[in-house]
1. I'd like to check one number: the per residue accessible area of the chain, probe 1.4 Å, reported in Å² as a whole number.
2. List the relative contact order of the chain as a percent without decimals, with contacts defined as Cα pairs under 8 Å and 6+ residues apart.
3. Within the chain, what whole-number % of the accessible surface is contributed by carbon and sulfur, with the 1.4 Å probe and all protein chains included in the calculation?
4. In terms of the Cα gyration tensor, with a ≥ b ≥ c the square roots of its eigenvalues, is segment 48-98 rounded because a/c is under 1.5, prolate because a/b exceeds b/c, or oblate?
5. For Phe42, what residues show an amide H to amide H distance below 5 Å, using hydrogens built from the backbone and excluding near sequence neighbours?
6. Take each of the peptides 41-53, 75-87, average the number of other beta-carbon atoms within 10 Å over its residues, and list them starting from the highest.
7. Suppose every K and R has +1 on its Cβ and every D and E has -1 on its Cβ; what is the size of the dipole of the chain about the Cα centre, in Debye to the nearest 20?
8. Return the long-range amide H neighbours of Tyr64 (sequence gap of 5 or more, or a different chain), with a cut-off of under 5 Å between placed amide H atoms.
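The values are calculated or read from the model by the stated rules, or taken from the named source; none is laboratory data. In this text, all values refer to a predicted model and were calculated from it rather than measured experimentally. Please note: Cβ atoms are built from the backbone with ideal geometry, for glycine as well, and neighbour counts cover all protein chains shown. Note: areas computed on protein heavy atoms with side chains; ligands, DNA, RNA excluded. Shrake-Rupley method; radii C 1.70, N 1.55, O 1.52, S 1.80 Å.
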Amino acid sequence: MHFTTTLNSATPAGRLSGLLSGLSARIKGSPRLKQLASWLLFQPRRARPRIWVRWLANPLVHRYAPGSLVRRARRDLIPFHAFELGRHAILEDQVTVAN
């Protein structure tokens, strides 16, 4: 028997990445799972993500550089796409950021 492994898949981060990509493919392939995932992430009839997504998932994915300032800006960000705010950037009032 011949076993080949890559360094990336041997690390815990590589295994997690493979698991998440497999889960993502399974959700995308099933209309019912896609509807359930959408319901878990978004509020009905609103474009905003649910509160648990804003509090728990988004801080793990989105980055704010040192010196950046966010003043009461509405951030309708979802954890599918990373968002980075550069150094010394300012988001003022009455701004909506969505990805």
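1. Numbers: 8070 Å² over 99 residues.
Accessible area per residue, the chain: 81 Å².
2. Relative contact order of the chain: 19 percent.
3. On the chain, the fraction of accessible area on carbon and sulfur atoms equals 61 percent.
4. Working: a/c = 2.13, a/b = 1.35, b/c = 1.58.
Since a/c reaches 1.5 but b/c is at least a/b, the shape of segment 48-98 is classed as oblate.
5. Distant-sequence amide H within range of Phe42: Arg50.
6. Values: 41-53: 12.4, 75-87: 14.0.
So the order, starting with the most tightly packed, is 75-87, 41-53.
7. Numbers: 16 positive and 4 negative charges, 85 e Å.
Using Cβ point charges on Lys, Arg, Asp and Glu, the chain gives about 400 debye.
8. Here Leu85 satisfy the definition.
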